[in-house]
1. If the requirement is being surrounded by 10 or more Cβ atoms within 10 Å (Cβ to Cβ) and either over 28 Å from the mean Cα position of the chain (by Cα) or not in a loop (DSSP other than H, G, I, E, B) (or both), which of these qualifies: 30, 66?
2. Being out of contact with any helix residue (DSSP H, G or I) (no Cβ under 9 Å at 6 or more places or on another chain) and either surrounded by 10 or more Cβ atoms within 10 Å (Cβ to Cβ) or in a loop (DSSP other than H, G, I, E, B) (or both): is that true of residue 10 here?
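Read-outs: derived from the displayed coordinates by stated rules, not from any lab. Every value quoted in this text rests on a predicted model; they were computed, and no experiment measured them. Every residue, glycine as well, gets a Cβ built from its backbone with ideal geometry; the counts of neighbours run over all protein chains shown.
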């Protein structure tokens, strides 16, 4: 499989990118080079490699929740710059 100039131009149009002739040529060559490396990887014998989702074995690093004493509600609200009806009041950040 190879990437043509038309493929690069099509994807650029989808992304609303305006590429020069030189950029189109460079990206075509670079993408074909990447596909060449991927083709080399396909030739590797991986029959003795155990399939895995991660490169290193992962263990669950989470712990069970533990209830511990904490700061009380009123004391927490005293540290807040603004509060209303027993709740923290924060600036609106949503644009909608």
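1. Details: 66 fails: surrounded by 10 or more Cβ atoms within 10 Å (Cβ to Cβ).
30 is the lone residue from the list that is surrounded by 10 or more Cβ atoms within 10 Å (Cβ to Cβ) and either over 28 Å from the mean Cα position of the chain (by Cα) or not in a loop (DSSP other than H, G, I, E, B) (or both).
2. Working: out of contact with any helix residue (DSSP H, G or I) (no Cβ under 9 Å at 6 or more places or on another chain): yes; either surrounded by 10 or more Cβ atoms within 10 Å (Cβ to Cβ) or in a loop (DSSP other than H, G, I, E, B) (or both): yes.
In short, yes.
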